[in-house]
1. Arranged by the count of other C-beta atoms within 10 angstrom, fewest first, what order do MET30, MET1 take?
2. Quick check: net charge around GLN109, other residues with Cβ under 12 Å of its Cβ, Lys/Arg +1 and Asp/Glu -1?
3. According to a simple spin-label model (label point 7 Å from Cα along Cα-to-Cβ), what is the distance in nm between TYR16 and THR60?
4. Per DSSP H run of n ≥ 4, the term is -39500 (n - 2.57); total these for the chain, divide by its residue number, and report the mean residue ellipticity at 222 nm rounded to 500 deg cm²/dmol.
5. For the chain, what proportion of DSSP beta bridges, expressed in % and rounded to the nearest 5, is antiparallel?
6. What's the longest bit of the chain with no exposed chymotrypsin sites (Phe, Trp or Tyr not before Pro), using DSSP loop states and at most 14 other Cβ atoms within 10 Å as the test?
7. Just to be sure I understand the model, the point goes 7 Å from the Cα along the line to the Cβ. What's the resulting ARG82 to PHE67 distance in nm?
8. Once you treat every alpha carbon in the chain as an equal point and sum by Debye, what is log10 I(q)/I(0) at q = 0.22 Å⁻¹?
Amino acid sequence: MIVVLDTNIWVSALNYEHRRSAPILALERMRNLHTIAVCDQIEDEISRVLVNKFKWQVSTVRRQLDFFLARSVRVPITGHLRICRDPNDDMILECAVSAGAETIVSGDQDLLSLGTFQNIRILTPAEFLETDT
């Protein structure tokens, strides 16, 4: 299965990894059992948030992303999709469509309220863990 993770899930998983919360458990399961789809824009946003807000070193961010994205698929997006009020949400949707993803994992209410987008399920990390058998 191809899965796209919203930036908030990446940040929660990586920044609070030691807490063994649903975001890190979901990320680990995706890395081990599925294919994570990503685009440059998502990766840039993850890096920006971890470096600017949480004061991570760029090299640490790179090392973590390289580990979790080792078996990922990278897709280009155009930025032309305009569905949500937040353009960062649109990039998640566009990445998922471009990658042929089956699932988006997010903590963002704007995305979660959609439920599905073009037959792509939008789930919380806990919902993903419950339904991924």
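1. Fewest to most other Cβ atoms nearby, the residues stand as MET1, MET30.
2. Residues close to GLN109 contribute a combined charge of -4.
3. Rounded to a tenth, the inter-label distance reads 1.7 nm.
4. On the way: 7 runs with 69 residues, N = 133.
When only DSSP H runs of four or more count, the value is -15000 deg cm²/dmol.
5. Looking only at bridges with both residues in the chain, the antiparallel portion is about 15 percent.
6. 55-133
7. Result: 4.1 nm between the two label points.
8. -1.48
FYI, it's all coordinate maths here, none of it is from the lab. Every value quoted in this text rests on a predicted model; they were computed, and no experiment measured them. FYI the Cβ positions are ideal-geometry reconstructions off the backbone, even for glycines, and counts take in every protein chain you see.
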